[in-house]
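Read the structure below first, then the notes.
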Amino acid sequence: MMLFGTQRINESGRLEIGGCDTADLAREFGTPLYIMDEELMVENCRRYVRAYKRLYQEGETEIAFAGKAFLTMSMCIIAAREGLSLDVVSAGEINTALKAEYPMERIIFHGNNKSVEEIELALDVNVGRIVIDNLQEIDLLNRIAVGRSKSVDALLRLTPGIDPHTHKLIRTGQADTKFGLNIKDGSAMKGVKAALAAPAINLKGIHCHVGSQLLDTEAHEQAAEVMVAFMKEVLDETGYEVEQLNLGGGLGIRYTESQKPPSIEEFAERVIGVVRREIARLGLRLPRLIQEPGRSIVGEAGATLYTIGAIKEVPITEDPGRRTYVAVDGGMSDNPRPALYDAVYTAFVANKANQRADWLVTIAGKHCESDTLIKDTRIARADAGDLLAVLSTGAYNYSMASNYNRFPSLAAVLVRGGRAEVIVRRGTLDDLLANDVIPERLRSAATSGVGG
Ligand code: LLP
């Protein structure tokens, strides 16, 4: 059985996470529920920090948590405590960090279409670095910074032209992308020159992100090679020596037992190996090396707990002639990834975790469409009221959740050492109305009767 971090099956045959029995969690906090294993998140942060420190130059590595994977104020505090920088992409993410008193100088602000308001906010709260995506943004950022008599540290996002093996919607490093400045067509060099010439921009370095959920290091190694080669080109053509090299995120995790991503240490070894080799070969100075993992820090540390409800058997034309649908009390609103990316997941009956998983079922959500969470999986025989745990939901589930069909948002609890604490409270039915406005005209129609 695939289990992560502090997940274990206790003497009662129930899944326990962070020393908390999931049946107790369901009773206390309700379902569906996101459960985050603090120890595992912290361990992942530390493994990244340690591996990069050990394999690179002391003081010259930086791990930034990619907030898009899972950002709450508590998560900002954990990242801050572990010494991680924070990658944000919106005013909402900046504000989350700000309200959590996350140190603003450790923020790396990304985005391919930052608004004037977002750039103004970033400058006003003094975020550490802005990653510039395009030529237009160089002018915009410079203008806004000059207007505030400020200067801003910046990296340039580049497109290394690498096509990684992952779902087409989460590839970003290839040439045909909305992200970054293309190296091959000369845009990247143009960007470097423009940024160097911009009085309010301190160009610190370059950035790339090739894709997400990558199960090997090939794309990262190729990207590192291309990026270092570009550093040399920049030095030769402009005399500017790139100080910071940010290679983005992308390391994959295990959603099923058959997926075998490299460990954090193997990943670091491979990537750093290429950076060191190429830097030495081209006679450059080692830059500060930055990596921005999201999924590989929080993904396996999260599980979603559901209550099983309706169970239905239907005839189908293919083998074995029938399909058993097991419906849970959540679905695509708390996990849109199967619908978006054909993402696969592993689940088991959390309160019957020591029973044989020999019942072939399809796990369905409860939305008003065919929101299959897991197709054809084997779980223990279950009834309505049993609990289903879906693993590896810590990344891009909470952060991509919606209120489709007016489902209130889920609660998230942080578990550790037998304690469970709410870090996101469950949304209420009235929360869903918080932004609804009824124009007076309709209000009077409702009371006086419509039509006529
Ligand atoms: N840095 C940048 C600039 C990024 O664009 C991303 C992810 C990361 C870091 C973190 O990548 P990670 O280590 O998590 O792979 N919603 C999709 C994933 C989109 C990833 C976007 N960028 C999903 O659910 O699979």
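The values are calculated or read from the model by the stated rules, or taken from the named source; none is laboratory data. Being a predicted model, the structure only gives us computed values, none of them experimental. Cβ coordinates were reconstructed from backbone atoms using ideal geometry, including for glycine residues, and neighbour counts include every protein chain displayed. Please note that ligands, DNA and RNA were not included when accessible areas were found on the heavy atoms of the full protein model with its side chains. Shrake-Rupley method; radii C 1.70, N 1.55, O 1.52, S 1.80 Å.
Looking across region 277-307, the residues that are farther than 21 Å from Thr393 by Cβ and open to solvent by 30 Å² or more (accessible area, probe 1.4 Å) come down to Arg277, Ala280, Arg281, Leu282, Gly283, Arg285, Leu286, Arg288. For region 34-47, the criterion of being in a strand (DSSP E or B) and closer than 18 Å to Asp386 by Cα is met by at least one residue. When region 84-95 is limited to residues that are open to solvent by less than 10 Å² (accessible area, probe 1.4 Å) and within 13 Å of the ligand (Cβ to nearest atom), the one that is nearest to Leu410 (Cα to Cα) turns out to be Val88.
Taking the numbered list (1) within 30 Å of Leu247 (Cβ to Cβ); (2) out of contact with any Asp or Glu (no Cβ under 6 Å at 6 or more places or on another chain) in turn, Gln355 passes all entries but (1).
Being assigned to a helix (DSSP H, G or I), in contact (Cβ under 8 Å) with a residue 24 or more places away in the chain, open to solvent by 30 Å² or more (accessible area, probe 1.4 Å) and not assigned by TED's automatic domain parsing to the domain that holds Pro336, is that true of even one residue in region 176-192? Yes; the residues of region 176-192 include at least one that is assigned to a helix (DSSP H, G or I), in contact (Cβ under 8 Å) with a residue 24 or more places away in the chain, open to solvent by 30 Å² or more (accessible area, probe 1.4 Å) and not assigned by TED's automatic domain parsing to the domain that holds Pro336.
Counting only helices (runs of 4 or more DSSP H) that sit completely within region 208-327, those holding 2 or more residues that are charged (D, E, K, R), away from the ligand (no atom under 16 Å from the Cβ) and at negative phi correspond to 218-238, 264-281. Residues that are in contact with a His (Cβ under 9 Å, 6 or more places away or on another chain), hydrophobic (A, V, I, L, M, F, W, C), open to solvent by 10 Å² or more (accessible area, probe 1.4 Å) and not in a helix (DSSP H, G or I) do not occur anywhere in region 102-111. Just so you know, in region 147-165 the residues that are within 14 Å of the ligand (Cβ to nearest atom) and either aromatic (Phe, Trp, Tyr) or not in a loop (DSSP other than H, G, I, E, B) (or both) include one that is most open to solvent (accessible area, probe 1.4 Å), and it is Arg157.
Screening Lys168 on (1) within 16 Å of the ligand (Cβ to nearest atom); (2) open to solvent by 40 Å² or more (accessible area, probe 1.4 Å); (3) in contact (Cβ under 8 Å) with a residue 40 or more places away in the chain shows it passes everything except condition (3).
Please work out if Gly205 is of a type outside the set (Ser, Thr, Tyr), in a strand (DSSP E or B), under 24 Å from Tyr52 (Cβ atoms) and modelled with pLDDT of 95 or more. Against the criterion (of a type outside the set (Ser, Thr, Tyr), in a strand (DSSP E or B), under 24 Å from Tyr52 (Cβ atoms) and modelled with pLDDT of 95 or more), Gly205 qualifies. Is it the case that region 135-153 has a residue that's under 21 Å from the mean Cα position of the chain (by Cα) and hydrophobic (A, V, I, L, M, F, W, C)? No, there is no match, as no residue in region 135-153 is under 21 Å from the mean Cα position of the chain (by Cα) and hydrophobic (A, V, I, L, M, F, W, C). Could you check, for region 343-364, whether at least one of its residues is charged (D, E, K, R), within 16 Å of the ligand (Cβ to nearest atom) and farther than 19 Å from Arg323 by Cα? No - not one qualifying residue is present in region 343-364.
Cβ separations smaller than 8 Å between residues 6+ apart or across chains give the following pairs from region 66-83 residues that are surrounded by fewer than 21 Cβ atoms within 10 Å (Cβ to Cβ) to residues that are of a type in the set (Phe, Trp, Tyr): Thr72/Tyr398; Ile77/Tyr102; Ala80/Tyr102.
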